[in-house]
1. Calculate how steeply helix B:96-107 sits against the longest principal axis of the alpha-carbon atoms of chain B, using the helix alpha-carbon long axis, and give the answer as 0 to 90 degrees to the nearest 10.
2. Mind giving me the nanometre distance, one decimal, between the label points for A:Asn2 and A:Glu239, set 7 Å out from Cα along Cα→Cβ?
3. Taking chain A as a Gaussian network, Cα atoms linked when under 10 Å apart, which of A:Ala255, A:Ala193, A:Ala270 shows the biggest mean-square fluctuation?
4. Let me know the charge dipole size of region B:1-133 about its Cα centre in debye, to the nearest 20, where only the beta-carbon of Lys, Arg (+1) and Asp, Glu (-1) is charged.
5. Which of A:Val56, A:Val256, A:Val76 moves most in a GNM of chain A, Cα contacts under 10 Å?
6. Please report the antiparallel percentage of DSSP beta bridges with both residues in chain B, rounded to the nearest 5.
7. Angle between the Cα long axis of helix B:113-122 and the longest principal axis of chain B, 0 to 90 degrees, nearest 10?
8. Mind checking A:330-340 for the average number of partner chain beta-carbons within 10 Å of each residue's beta-carbon?
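Bear in mind these aren't lab numbers, they're just calculated from the coordinates by the rules spelled out. Remember, predicted model here, so these are calculated numbers, not experimental data. A quick note on method: Cβ atoms are made from the backbone with ideal geometry, for glycine too, and the neighbour counts reach across all protein chains shown.
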Amino acid sequence: MNCLSLSSAYLRHKTLSAVLTIATFAAGVAMIVVMLLVNAQLQNEFSSNLKGIDLVVGGKGSPMQLILSSVFHLDVPTGNIPLDEAEKLSKHPMVKQAIPLALGDNYRGFRIVGTTKAYPEHYHALLKAGGRYWGKEMEAVLGSEVAANGGLKPGDTFSGSHGLTAGGELHSEFPYTVVGILEPTGTIIDRLALTGRESVWFIHEHHDHDDDADEHRHEVHDHHDKDHAGEHEHEHGHEREITSLLITYNTPLAAVGLPRQINSTTSMQAASPAFEIARLTAFMGTGTETLKYFAWFLIILAGFGIFAGLYNAMNERRYDLALMRSFGARPGKLFSLMMTESLIVSLISVIVGMGLGHLLVEGIATWLSNTKHIHMTGRLFLAEETWLIPVGLAVGALAALLPAVRVYRIDIFKTLVRR
Amino acid sequence: MLEINNLNVGYDGTTVMELPHLSLSTGEHCLILGASGSGKTTILSTISGLLAPIGGEIVLDGHSYKDLHGSTMDEFRGRHIGIIYQTLHMVSALTVLENLLLAQYAAGLPQDKDKAVNLLEHLGIADKKGNKPETLSQGQLQRVAIARATINDPKIIVGDEPTSALDDNACENVMDLLLNLAAASNASLVIATHDQRIKRHFHKQITLGGAQ
């Protein structure tokens, strides 16, 4: 018999109350883990997708919408911009790199993006062995999630469907051929099918010529006719269009004048991702702040629950502790007995809570993976999480401290004899 | 072995009773008789070192209680005094055997499982060693309490009404066991009771008056 065997005998004796205490404690820990993981991954999601993009240029409209549609591929685009204007801007001395994006179709809800190799390279995406980038029209390179979802490998073909969300009319007469698959990058690239701009133009030129009745149906299906990069060629002659440009500056000075210059002298709109994201966070600020305070409130509540549970368990132990003292146990022995028990409970709770938290995030991730927008995983361990172990043990020690100190003052006579 | 002079016992500053003198030599037993409320339990608790005397002196095995306080008293008690509480006070989370080992563990003595099992065998309850106390009868629990009080070979075994809840047979049985165990380790028995049945086992008897 020792501290450990005695503690575990007590825990086994009161299984239900031990399980309840552990459940409360673990729920609090799980909540913290979920907050940490979700927060870290959302931050990372934002920053990794924004990385190095100083300016987004697209059709006139809402700047926020432009950023969301072109950087995060969340919203529908604001409209198209003429290719010649876009190319002129790309050659501007203050522009280091301009990546063109032409949107229009999707494959199983994953957007098909007409662009250049510069786009995947910007996100440091690497081709898997045996793959290559597109060389001609209707060749495509898939992001890792797209390939996994469709079960596609180089040499396979797939058809895009019209519009930016799944369910549009299938362009089955113009299938794409997969020529490469990208390694996972943890960025938006994983959820895109990339091709040359020519492919997007090609499909929609033919599409428009071939089937006017179909065109009409599109308008019903998809009122964002504008977002179709290729579709306006009839109206604007043979002037080609793209959806947007992702621009990296050559010099920080560009931020001062270039956006204003674009907005006032061209038919295009320039929006700064950093600014728009800051605006977005400010909009959502009250909501997320409230949520954060609520989470902290729950955590503090869970803390009280843990404390109350342990404290009660320790208080119920008063008779046994008095009995042990009457048999000659030194207070130090009783103190370490109570500490051991409380620390066992805390340690189990922290471990269970951490496991639970990761499972919850993995559950959220599975649920979110259907939306194809936000990428998350529960199989990520943050350095901050290791803090939960000492903090959890400290809570346990604190909860045991008060009853443990009271052991020194127990009146054995009044506790055991005259009650 | 046990010397008591001008003892004044009570709690919360109120004297419950006085005991001018009591002296027990090694192995000598003593019965404290009295009606309920006469202060038997209080004087027994004082002799056990659970309650500090209001006045007077107790010396056990050469140690004056005046010099023993708090944890030193606890430690002294663990090694020199075996207590059988009236409400037996078993630890319900532990088995019968573990309850005996707990007494050794608490006193800081080596845990001797064989000794504990032998003791249980001697008391006829070895088959219950793996049971939780709640599954035992009152008579069986009484024996476990006796085993626990004697396992550390105390100089003095203090019992508060150890037989009053038992029938005549069990009462005799328990008395025999107590006397046997006490004789085996040369310990003194100090028993407080209103149970007239066990009077004949004791030469030395103190009778306390009724409640005042």
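1. 50 degrees
2. Computed distance between label sites A:Asn2 and A:Glu239 equals 8.5 nm.
3. Between A:Ala255, A:Ala193, A:Ala270, it is A:Ala255 that shows the largest mean-square fluctuation.
4. 380 debye
5. Greatest mean-square fluctuation among the candidates belongs to A:Val256.
6. Antiparallel bridges: around 50 percent, rounded to the nearest 5.
7. So the helix axis and the longest Cα principal axis differ by about 80 degrees.
8. Across the residues of A:330-340, the mean count of other-chain Cβ atoms within 10 Å is 2.
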